[in-house]
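These notes are about the structure you will find just below.
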Amino acid sequence: MDAKKLRVGMKVKYSSGNVVKVTHVPKLDKYEECFFSGILLETKQELYKNLVGQNVSKNWNSAFCFPV
């Protein structure tokens with residue numbers, strides 16, 4: 001996803017199946033990407049199942065997400 005279009009409140013989805021509601025978008029890096037914060041809404045990965053409903057800080061990479 002183009003990180004310049006990433007906004008607080010929007011929902012994004014990863015090819016892995018994670019759906020995240022964006023809570024904070026930091027300044028973009030030199031590649032115009034960022035690690036943003038968001039609430040994990042859905043996941044298919046066992047690794048993240050205990051984080052559903054939690055706001056995870058600076059964990060989500062803008063390069064691998066897509067608007068829902």
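The values are calculated or read from the model by the stated rules, or taken from the named source; none is laboratory data. Nothing here was measured: the structure is a model prediction, and the numbers come from that model. Cβ: placed from backbone, ideal geometry, glycine included. Neighbour counts: every protein chain shown.
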Of all residues being closer than 17 Å to VAL8 by Cβ and modelled with pLDDT under 95 in the stretch 36-60, which is surrounded by the most Cβ atoms within 10 Å (Cβ to Cβ)? Just the residue, please. ASN59
Can you tell me which residue is surrounded by the most Cβ atoms within 10 Å (Cβ to Cβ) among those in the stretch 7-35 that are touching a Leu at 6+ places or on another chain (Cβ under 6 Å) and farther than 14 Å from VAL52 by Cα? CYS34
Just checking: which of the strands (runs of 3 or more DSSP E) contained wholly in the stretch 16-68 hold 3 or more residues that are of a type in the set (A, V, I, L, M, F, W, C)? 19-24, 35-42
